[in-house]
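Here the structure comes first, spelled out in structure tokens, and everything after it is commentary.
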Amino acid sequence: MKDELPLEYTGERPKLELQLKKISNAEKRVLTYLAQGLSSSKIALELFISYKTVNNHKANISRKLHINGPNSLIAFAIKCK
């Protein structure tokens, strides 16, 4: 039942907001596109940055938020939508 509740009611939303304060605006933009299912190369095209910069942002997000692995990063991005 708890899984069906909106994040506001589960107590997850404040926790996510605290985590998002730890990352830069550029990293948040990359996270937004990750949640939409875009690849690093597509994100680079959308944001007019290099593929390497996108991957650096993804690595920084993972490091700052203690996220292990690309699948966990994508799951986090989706949760933040």
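The values are calculated or read from the model by the stated rules, or taken from the named source; none is laboratory data. Quick caveat, the model's predicted, so the values are computed rather than measured. In this analysis, Cβ positions are derived from the backbone assuming ideal geometry, glycine residues included, and neighbour counts consider all displayed protein chains. For accessibility, only protein heavy atoms count, side chains too; no ligands or nucleic acids. Shrake-Rupley method; radii C 1.70, N 1.55, O 1.52, S 1.80 Å.
Pairs linking a residue in the range 35-49 that is farther than 17 Å from Ser72 by Cβ to a residue that is of a type outside the set (A, V, I, L, M) and not in a helix (DSSP H, G or I), with Cβ atoms under 7 Å and 6 or more positions apart or on different chains, are Ala44/Ser50.
Which residue is modelled with the highest pLDDT, if the candidates are limited to the range 1-14 and must be part of a helix (DSSP H, G or I) and surrounded by 11 or more Cβ atoms within 10 Å (Cβ to Cβ)? Per the criteria, the residue is Arg13. Remark: pairs (first residue in the range 17-31, closer than 13 Å to Leu65 by Cβ; second residue of a type in the set (Gly, Ala, Ser) and not in a loop (DSSP other than H, G, I, E, B); Cβ separation under 7 Å; 6+ apart in sequence or on different chains) = Leu31/Ala77. Each residue in the range 43-79 was checked for being assigned to a helix (DSSP H, G or I), open to solvent by less than 60 Å² (accessible area, probe 1.4 Å) and closer than 17 Å to Glu12 by Cα, and 6 pass.
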